[in-house]
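The next block holds one structure in the form of structure tokens; read it before the comments.
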Amino acid sequence: MDAQLSTLQTEALAAIAAAADETAVEQARVKYLGQQGAITALSKGMKDVSKDDKPRIGKLLNDVRTAVTAALDERKTALLAAADAAALAGVDATLPGTPSGFAGRGTLHPITQLLDRTISIFRRMGFALADGPDIETEWHCFDALNTPADHPARNEQDTFYMPDGRLLRTHTSTVQIRTMEKAAPPVRIIAPGAAYRRDEIDATHLAQFTQMEGLYVDEGVSVADLKGTLEFFFRELFGNDAKFRFRPHFFPFTEPSYEVDIKTSMLGSSDRWLEIAGCGMVDPAVLEAVNTKRKDRAFDPEKYTGFAFGFGLDRLAMIMSGTPDIRYFTNSDQRFLGQF
Ligand code: DAH
């Protein structure tokens, strides 16, 4: 039995070492350790071994079984590793990878990025977010904002009217009215959103664009507050070397009214002023229109004053990114959008 065991071990280990693939290893396992296997057959012969020899032969048998099992596992692991190595043989792991970024990872649209920044700057000054519908009544868009029936902005050539007389809002100033209908002073809001005009689409005009409206009504609000607020905001965006000018202007819903011009190196030629916003002190007629609608005197112009402002985010984004044509923001060209 001793000799038989040692021959069997030598033979089994040689067979395992020669196994060329996983199937061959499995066949060897069956041949030696399976139910009909050679080692199994020898253990069945243990019952014929003399009582004196049993412990020694038993131990020997166990040693052989352990050695063969270990050899089988080892061979299998080695074969798997070799298969992996073969699969990787054609791969150069030192080659540069495929960059993720342009075309791979998405980014927020440049207008959305500017919108987020704008909101966070005004939030720091205590402005809350407000909104209103894109499809508006003439009253919210014009009448309540002190815009007379014969004003050119109301012209059918300039505005999109619905069959029922409602219209696509031509500015976000509608949210001034919507907010004051519901809240009492003090009111301090910004309202970003879409505005629509029947403009010929060209490098500086879209039929739908993005505006940001602002309104602050409280006791004792002055032009100084208006200038301070807007200058702080625009300096946050354009930096401290930008220059601003408040130029007297006319808007039906503010009195006095101004247009804000900027001069910045971002505009290329350093000598140019560009108009970037409209603003002014809320006209008492606007507060009275709101009072009439509310049927109270919550916005009594004898007690409260306010300022309002509005600007186009597309225009600001064009200046900040040096984009020459506003249409780039809407035509989904990856070569353009991928830069942001
Ligand atoms: N609504 C104006 C426009 O679309 C912009 C504007 C001007 C808004 C003056 C205001 C303001 O709130 O006070 O051109």
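The values are calculated or read from the model by the stated rules, or taken from the named source; none is laboratory data. Since the model is a prediction, treat every value here as computed from it, not as a measurement. All Cβ positions, glycine included, derive from the backbone under ideal geometry; neighbour counts span all protein chains shown.
Just for segment 38-66: of the residues that are among the aliphatic types (A, V, I, L, M) and either more than 16 Å from Q4 (Cβ to Cβ) or exposed (fewer than 15 other Cβ atoms within 10 Å of the Cβ) (or both), which one is modelled with the highest pLDDT? Explain how you work it out, then say what you get.
Narrowing segment 38-66 to residues among the aliphatic types (A, V, I, L, M): 38-39, 41-42, 46, 49, 57, 60-61, 64.
Still in the running and either more than 16 Å from Q4 (Cβ to Cβ) or exposed (fewer than 15 other Cβ atoms within 10 Å of the Cβ) (or both): 41, 46.
Values: A41: 86, M46: 83.
The selected residue is A41.
Restricting to segment 214-243, give me the number of residues that are of a type in the set (A, V, I, L, M) and in a helix (DSSP H, G or I).
5
Of everything in segment 296-340, what is exposed (fewer than 13 other Cβ atoms within 10 Å of the Cβ), among the charged types (D, E, K, R) and over 28 Å from P185 (Cβ atoms)? Give them in sequence order.
Residues satisfying the conditions are D325, D333, R335.
Of all residues in segment 128-144, which are buried (at least 20 other Cβ atoms within 10 Å of the Cβ) and closer than 21 Å to L230 by Cα?
Residue satisfying the conditions is A130 alone.
Looking at L60, L115, which is the one that is part of a helix (DSSP H, G or I), touching a strand residue (DSSP E or B) at 6+ places or on another chain (Cβ under 9 Å) and farther than 30 Å from A285 by Cα?
L115
Looking only at segment 5-37, which residues are closer than 20 Å to L60 by Cβ and exposed (fewer than 13 other Cβ atoms within 10 Å of the Cβ)?
Scanning segment 5-37 gives S6, T7, T10, A14.
Checking the conditions here, which among Q208, Q176, Q157 is out of contact with any Lys or Arg (no Cβ under 9 Å at 6 or more places or on another chain) and either within 13 Å of the ligand (Cβ to nearest atom) or of a type outside the set (D, E, K, R) (or both)?
Going through Q208, Q176, Q157 in turn, just one is out of contact with any Lys or Arg (no Cβ under 9 Å at 6 or more places or on another chain) and either within 13 Å of the ligand (Cβ to nearest atom) or of a type outside the set (D, E, K, R) (or both): Q176.
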